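Asks: What follows is a single structure, and I will ask about it in a moment.
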Ligand code: NA
Ligand code: NA
């Protein structure tokens with residue numbers, strides 16, 4: 001009953017739009033995984049510098065935090081494509097075919113709407129940081145527009161994947177909620 | 001509007017939205033945005049991305065993907081099978097050696113993985129077919145692994161403990177230690193039940209399993225020692241002054257990846273990518289919920305709902321154990337439907353002041369909460385571990401898995417009672433290792 | 001229907017900074033001008049370092065904040081947590097009324113922020129194995145410093161810097177990750193650092209670490225209040241500022257008392273120590289500040305000219 005399947009992936013088929021979005025989301029997933037790996041490496045380097053060399057660690061903590069945040073945001077569309085965002089499909093399961101279809105359209109469009117809101121204000125926030133030259137209040141002093149860029153990028157790509165999912169349901173290419181008719 | 005009534009409205013709306021099949025994180029964002037817009041003015045939406053980003057801006061969160069990689073890289077090898085085989089060869093004189101070994105392997109694997117479904121999958125892949133082949137009842141084979149897998153979040157490291165530690169500003173090292181003894185106790189209860197139910201099923205002959213020569217016992221050790229070394233190394237790094245829990249996690253992840261590559265020849269880029277892909281998928285899913293739940297709790301606080309509920313509970317003059325029972329009932333119901341991380345993030349900010357006011361130890365409560373969440377993992381309608389088992393052994397019906405798991409729920413309830421009677425089970429180890437609580 | 005203002009801060013209800021906020025809220029309520037200040041303590045609304053940005057955009061009305069947290073938005077704010085700039089609490093009070101603070105307030109006005117209550121809190125050093133009074137004590141020690149300028153100065157003294165929040169000091173000291181720490185007197189006590197160290201150097205006759213932690217308000221929000229409301233707010237703030245100064249003075253001695261009661265050695269900085277630190281700060285933190293801040297030298301000179 002739970003929508004936490006380990007096998008399902010968003011349908012792409014031969015549809016060029018769906019295939020294009022799937023490709024973009026997959027590349028985003030590679031970037032996300034790469035950032036997590038780099039975070040592991042930097043953390044190990046930091047422990048070595050501090051514990052073995054007994055030297056200062058100035059930038060590592062911050063770099064790792066921003067990498068994990070960026071990995072999360074940029075990874076959103078890929079995980080959406082892999083149907084990895086856990087959900088509870090209690091209502092869809094109890095509905096008939098037609099109402100299930102309408103509910104799928106409703107949840108996907110509401111999801112797209114909220115993600116669009118996050119994208120809009122996220123872009124605004126990024127733009128303020130960029131225009132005012134905000135930095136972090138540490139010795140390293142990262143220009144904050146760099147990590148903040150992951151907000152509009154991540155939500156923008158997630159929006160794209162959600163719109164593709166909505167399109168696939170509307171065009172009848174994918175079953176609502178990925179559920180078989182019963 | 002009265003904040004308490006508003007809180008009720010939020011609760012009902014959240015349930016309706018989350019049951020609609022929308023992903024949990026996005027559902028939380030939808031509810032938050034809706035209530036902020038309605039009761040806090042339109043400008044409050046401007047803050048949402050900022051709060052979302054801010055919730056993730058925390059070094060301790062690094063440990064979540066790290067502990068997931070640790071588990072995933074080991075799970076991608078046949079290490080799980082090696083673990084229970086080694087245990088079985090050494091425990092051969094114990095009746096029911098195989099199921100006992102499988103549960104022991106779950107506990108050992110739990111000490112390397114922060115997540116429950118991963119533990120379940122790692123041991124179950126080989127363990128369930130083997131148990132069935134040797135004649136154990138399907139229900140016992142499936143149920144014991146489903147339950148054993150839940151130890152993944154009780155025995156350290158634990159993703160849910162990390163999330164609880166962050167949400168309540170409790171020492172993560174202390175929380176980890178608190179889970180050790182209850183985890184072993186739960187393992188013991190699971191073993192006892194598995195043996196009893198196998199014996200009762202009339203199939204008692206399977207309990208006396210094969211015998212092994214000393215050569216066989218020793219030849220498997222080299223395959224297991226690296227993992228024991230990792231567990232000890234991680235413990236040393238964390239409590240011996242080398243690194244904080246999140247830093248330790250990174251070293252553990254690196255070591256586990258290296259061991260998987262060197263000992264289990266996990267060289268091909270394709271196989272490595274599967275490990276990374278699965279880890280990324282689970283980490284991003286959890287971190288998305290964490291950030292979205294941050295926006296959700298901002299909404300609750302901003303509308304004064306959190307504060308009003310804490311005040312209201314404070315005015316109720318109830319016995320603290322009645323309160324604890326009510327809290328556990330509430331958590332149990334939430335855990336039936338929602339993943340542990342979401343429950344902890346939504347409930348912790350509201351529950352913690354109540355817990356402290358009623359003079360319960362937040363570290364002890366973390367253990368009770370975790371066992372409570374474990375129940376949700378093996379109970380319908382949303383039991384992640386049940387679906388993992390279903391994926392491993394598709395020919396065992398979901399009903400058999402479910403009825404096989406149900407008695408283990410009883411073991412967990414019993415464990416919660418024992419923890420209430422003897423709180424030292426959770427608090428003794430952290431107090432001994434790290435000094436009296438602050 | 002009363003106007004409601006939301007005040008967010010990071011401290012618990014027992015902290016002096018919460019008491020200052022509570023005093024203002026209570027006095028404004030007592031003035032009966034249809035103004036209601038709702039306090040969100042202990043980061044229950046926004047995280048400590050996530051408060052200034054919403055404040056400057058009018059999404060949060062008030063906060064009590066170490067201004068240097070916003071040093072990434074306005075580099076000039078780093079001057080409000082600069083080693084050796086403030087000598088003692090009376091000196092801090094004079095700084096609050098000086099042309100230096102006028103210049104800082106002008107910069108705040110650019111971000112649509114005004115100060116209601118000025119205030120400095122002091123802090124000191126604690127060492128796990130030995131006392132820290134002079135730069136010569138630092139080489140090779142893994143140290144947590146409070147603030148960018150202190151990190152630069154301590155690194156200049158040969159310490160290794162491990163950055164973490166003050167709530168992490170206890171565990172880091174216990175596990176041996178840290179050898180020394182620098183933070184505020186109240187944090188030393190509230191995080192029970194006395195259980196982990198052998199020596200404490202509190203802010204005394206000579207003190208290095210003073211942090212400016214005012215009660216701030218969004219300027220447009222303030223301007224939008226009625227004249228009566230503004231008057232009540234300013235009157236309450238003036239009273240709270242006097243209270244804040246008195247309490248700040250008491251905290252240093254009180255923290256030393258707690259450490260002494262727990263059998264921790266208490267060390268004191270001499271004038272020579274202080275001058276050695278200041279000479280080092282000039283080469284490290286002051287220099288870095290001037291390099292990265294527009295008008296940095298001018299602001300530094302303004303601060304140094306206060307007697
Ligand atoms: Na674990
Ligand atoms: Na469940």
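Asks: I'd like the full set of residues that are part of a helix (DSSP H, G or I) and away from ligand 2 (no atom under 11 Å from the Cβ), limited to the stretch B:373-406.
Replies: At the first step, the residues of the stretch B:373-406 found to be part of a helix (DSSP H, G or I) are B:373-377, B:384-392, B:398-406.
Scanning the stretch B:373-406 gives B:388, B:389, B:390, B:391, B:392, B:398, B:399, B:400, B:401, B:403, B:404, B:406.
Per-residue answers, yes or no, for (1) within 14 Å of chain A (Cβ to nearest Cβ); (2) surrounded by fewer than 24 Cβ atoms within 10 Å (Cβ to Cβ); (3) in a helix (DSSP H, G or I); (4) touching a helix residue (DSSP H, G or I) at 6+ places or on another chain (Cβ under 9 Å):
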position: B:295; (1), (2), (3), (4): yes, no, yes, yes
position: B:308; (1), (2), (3), (4): no, yes, yes, yes
position: B:329; (1), (2), (3), (4): no, yes, yes, no
position: B:336; (1), (2), (3), (4): yes, yes, yes, yes
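Asks: Taking the stretch B:240-278, which residues are in a helix (DSSP H, G or I) and within 7 Å of another protein chain (Cβ to nearest Cβ)? Outline the logic, then answer.
Replies: As a first pass, look at the stretch B:240-278 and keep what is in a helix (DSSP H, G or I): B:245-262, B:269-278.
Residues satisfying the conditions are B:247, B:250, B:251, B:253, B:254, B:276, B:277.
Asks: Looking only at the stretch C:77-112, count how many residues are buried (at least 23 other Cβ atoms within 10 Å of the Cβ), on the phi < 0 side of the Ramachandran plot and in a loop (DSSP other than H, G, I, E, B).
Replies: 4
Asks: Evaluate the following for residue A:14: is it over 25 Å from residue C:156 (Cβ atoms), surrounded by fewer than 17 Cβ atoms within 10 Å (Cβ to Cβ), more than 8 Å from chain B (Cβ to nearest Cβ) and at pLDDT below 95? Spell out the reasoning first.
Replies: Details: over 25 Å from residue C:156 (Cβ atoms): yes; surrounded by fewer than 17 Cβ atoms within 10 Å (Cβ to Cβ): yes; more than 8 Å from chain B (Cβ to nearest Cβ): yes; at pLDDT below 95: yes.
In short, yes.
Asks: Another one. Is one or more of the residues making up the stretch A:91-101 at the interface with another protein chain (Cβ under 8 Å from one of its Cβ atoms), within 23 Å of the chain's Cα centre (by Cα) and in contact (Cβ under 8 Å) with a residue 12 or more places away in the chain?
Replies: Taking the stretch A:91-101 first, the residues at the interface with another protein chain (Cβ under 8 Å from one of its Cβ atoms) are A:91-92.
Filter once more, so that each one left must be within 23 Å of the chain's Cα centre (by Cα): none.
Within the stretch A:91-101, none of the residues are at the interface with another protein chain (Cβ under 8 Å from one of its Cβ atoms), within 23 Å of the chain's Cα centre (by Cα) and in contact (Cβ under 8 Å) with a residue 12 or more places away in the chain.
Asks: Which one of these does residue A:176 not meet: (1) more than 8 Å from every other protein chain (Cβ to nearest Cβ); (2) modelled with pLDDT of 95 or more; (3) surrounded by 17 or more Cβ atoms within 10 Å (Cβ to Cβ)?
Replies: Exception for residue A:176: condition (2).
Asks: With the requirement that a residue be away from ligand 1 (no atom under 16 Å from the Cβ), more than 14 Å from chain C (Cβ to nearest Cβ) and in contact (Cβ under 8 Å) with a residue 24 or more places away in the chain, what does the stretch B:147-191 give you? Before you say what the answer is, go through the steps one by one.
Replies: Going through the stretch B:147-191, the residues away from ligand 1 (no atom under 16 Å from the Cβ) turn out to be B:166-171, B:188-189, B:191.
Narrowing further to those that are more than 14 Å from chain C (Cβ to nearest Cβ): B:188-189, B:191.
B:189, B:191 - these are the residues of the stretch B:147-191 that are away from ligand 1 (no atom under 16 Å from the Cβ), more than 14 Å from chain C (Cβ to nearest Cβ) and in contact (Cβ under 8 Å) with a residue 24 or more places away in the chain.
Asks: Sticking with this one: Look at the stretch A:110-133 and say how many of its residues are more than 12 Å from chain B (Cβ to nearest Cβ) and touching a strand residue (DSSP E or B) at 6+ places or on another chain (Cβ under 9 Å).
Replies: So the answer is 2.
Asks: Select from the stretch A:124-140 the residues that are farther than 15 Å from residue C:53 by Cα and surrounded by fewer than 18 Cβ atoms within 10 Å (Cβ to Cβ) and list them in ascending order. Break it down stepwise before answering.
Replies: Let us first name the residues in the stretch A:124-140 that are farther than 15 Å from residue C:53 by Cα, namely A:138-140.
Those that are farther than 15 Å from residue C:53 by Cα and surrounded by fewer than 18 Cβ atoms within 10 Å (Cβ to Cβ): A:138, A:140.
Asks: Does residue C:248 qualify as being exposed (fewer than 14 other Cβ atoms within 10 Å of the Cβ) and within 18 Å of residue C:208 (Cα to Cα)? So that I can check it myself, show each step before the final result.
Replies: On the way: exposed (fewer than 14 other Cβ atoms within 10 Å of the Cβ): no; within 18 Å of residue C:208 (Cα to Cα): yes.
So residue C:248 fails the test.
Asks: Within the stretch B:8-22, restricting attention to residues that are within 8 Å of chain A (Cβ to nearest Cβ) and in contact (Cβ under 8 Å) with a residue 60 or more places away in the chain, which residue is surrounded by the most Cβ atoms within 10 Å (Cβ to Cβ)?
Replies: So the first thing to find is which residues in the stretch B:8-22 are within 8 Å of chain A (Cβ to nearest Cβ), and the list is B:18-22.
Now restrict to residues that are in contact (Cβ under 8 Å) with a residue 60 or more places away in the chain: B:18-19.
On the way: B:18: 23, B:19: 19.
By that ranking, first place goes to B:18.
Asks: Can I ask one more? Of the residues that make up the stretch A:121-128, is at least one in contact with a helix residue (DSSP H, G or I) (Cβ under 7 Å, 6 or more places away or on another chain) and part of a loop (DSSP other than H, G, I, E, B)?
Replies: no
Asks: Kindly indicate the residue of the stretch A:75-90 that is part of a helix (DSSP H, G or I) and facing chain B (nearest Cβ under 9 Å) and also nearest to residue A:166 (Cα to Cα) among those meeting that condition. So that I can check it myself, show each step before the final result.
Replies: As a first pass, look at the stretch A:75-90 and keep what is part of a helix (DSSP H, G or I): A:75-81, A:90.
Next, only the ones that are facing chain B (nearest Cβ under 9 Å) stay: A:75-76, A:78-80, A:90.
Numbers: A:75: 19, A:76: 16, A:78: 16, A:79: 16, A:80: 12, A:90: 20 Å.
Of everything passing the filter in the stretch A:75-90, A:80 is nearest to residue A:166 (Cα to Cα).
Asks: Hey, another quick one. For the stretch B:52-162, which fully contained helices (runs of 4 or more DSSP H) count at least 1 residues that are within 16 Å of ligand 2 (Cβ to nearest atom) and buried (at least 24 other Cβ atoms within 10 Å of the Cβ)? Before you say what the answer is, go through the steps one by one.
Replies: Working: elements: B:63-75, B:79-90, B:97-110, B:116-133, B:138-150.
In the stretch B:52-162, B:116-133, B:138-150 are the helices (runs of 4 or more DSSP H) which contain 1 or more residues that are within 16 Å of ligand 2 (Cβ to nearest atom) and buried (at least 24 other Cβ atoms within 10 Å of the Cβ).
Asks: Working only within the stretch C:289-307, note down all residues that are part of a helix (DSSP H, G or I) and surrounded by 19 or more Cβ atoms within 10 Å (Cβ to Cβ).
Replies: Step one: list which residues in the stretch C:289-307 are part of a helix (DSSP H, G or I), which gives C:289-292, C:296-304.
Once the filter is applied, which keeps residues that are part of a helix (DSSP H, G or I) and surrounded by 19 or more Cβ atoms within 10 Å (Cβ to Cβ), the stretch C:289-307 yields C:289, C:296, C:299, C:300, C:302, C:303.
Asks: While we're on this one: Among the residues of the stretch B:18-41, which ones are assigned to a helix (DSSP H, G or I) and under 25 Å from the mean Cα position of the chain (by Cα)?
Replies: B:18, B:24, B:25, B:26, B:27, B:28, B:29
Asks: Further, regarding this structure: Inside the stretch B:388-438, can you point out the residues that are more than 14 Å from chain C (Cβ to nearest Cβ), touching a residue at least 12 places away in the same chain (Cβ under 8 Å), surrounded by fewer than 18 Cβ atoms within 10 Å (Cβ to Cβ) and more than 29 Å from residue B:128 (Cβ to Cβ)?
Replies: B:420, B:423, B:428, listed by residue number.
Asks: Considering each of B:29, B:9 in turn, give the residue that is modelled with pLDDT of 95 or more and within 14 Å of residue A:117 (Cβ to Cβ). Spell out how you get there, then give the answer.
Replies: Numbers: B:9 fails: within 14 Å of residue A:117 (Cβ to Cβ).
Matching residue, one of B:29, B:9: B:29.
Asks: Here is a follow-up. Could you please find all residues in the stretch C:257-287 being touching a strand residue (DSSP E or B) at 6+ places or on another chain (Cβ under 7 Å) and either more than 21 Å from residue C:133 (Cα to Cα) or without any contact (Cβ under 8 Å) to a residue 60 or more places away in the chain (or both)?
Replies: C:260, the sole residue that qualifies.
Asks: Then there is this: For residue A:87, indicate whether it is in contact (Cβ under 8 Å) with a residue 12 or more places away in the chain and touching a strand residue (DSSP E or B) at 6+ places or on another chain (Cβ under 7 Å).
Replies: On the way: in contact (Cβ under 8 Å) with a residue 12 or more places away in the chain: yes; touching a strand residue (DSSP E or B) at 6+ places or on another chain (Cβ under 7 Å): yes.
For residue A:87, the condition - in contact (Cβ under 8 Å) with a residue 12 or more places away in the chain and touching a strand residue (DSSP E or B) at 6+ places or on another chain (Cβ under 7 Å) - is met.
Asks: Then there's this: Just for the stretch C:36-65: of the residues that are within 10 Å of chain A (Cβ to nearest Cβ) and under 24 Å from residue A:139 (Cβ atoms), which one is surrounded by the most Cβ atoms within 10 Å (Cβ to Cβ)? Give the derivation first.
Replies: Going through the stretch C:36-65, the residues within 10 Å of chain A (Cβ to nearest Cβ) turn out to be C:49, C:52-53, C:56-57.
Right, trim to under 24 Å from residue A:139 (Cβ atoms) and you get C:49, C:52-53, C:56.
Numbers: C:49: 19, C:52: 27, C:53: 24, C:56: 22.
Checking each candidate, the answer is C:52.
Asks: So which of A:155, A:167 ends up being over 22 Å from residue A:59 (Cα atoms) and either at the interface with chain B (Cβ under 9 Å from one of its Cβ atoms) or buried (at least 18 other Cβ atoms within 10 Å of the Cβ) (or both)?
Replies: A:155
Asks: Only one residue in C:173, C:153, C:138 is within 14 Å of another protein chain (Cβ to nearest Cβ), in contact with a helix residue (DSSP H, G or I) (Cβ under 8 Å, 6 or more places away or on another chain), touching a residue at least 12 places away in the same chain (Cβ under 8 Å) and over 20 Å from residue C:286 (Cα atoms). Which one? Steps first, answer last, please.
Replies: Numbers: C:153 fails: over 20 Å from residue C:286 (Cα atoms); C:138 fails: over 20 Å from residue C:286 (Cα atoms).
So the residue among C:173, C:153, C:138 that is within 14 Å of another protein chain (Cβ to nearest Cβ), in contact with a helix residue (DSSP H, G or I) (Cβ under 8 Å, 6 or more places away or on another chain), touching a residue at least 12 places away in the same chain (Cβ under 8 Å) and over 20 Å from residue C:286 (Cα atoms) is C:173.
Asks: Inspect the stretch C:26-35 for any residue being within 26 Å of residue A:138 (Cα to Cα) and out of contact with any strand residue (DSSP E or B) (no Cβ under 6 Å at 6 or more places or on another chain) and give the result as yes or no. Please lay out each step first, then the result.
Replies: First, pick out the residues of the stretch C:26-35 that are within 26 Å of residue A:138 (Cα to Cα): none.
Among the residues of the stretch C:26-35, not one is within 26 Å of residue A:138 (Cα to Cα) and out of contact with any strand residue (DSSP E or B) (no Cβ under 6 Å at 6 or more places or on another chain), which makes the answer no.
The values are calculated or read from the model by the stated rules, or taken from the named source; none is laboratory data. Because the structure is a prediction, the values reported are computed rather than measured. Here Cβ is always computed from backbone atoms with ideal geometry, including for glycine, and neighbour counts include all displayed protein chains.
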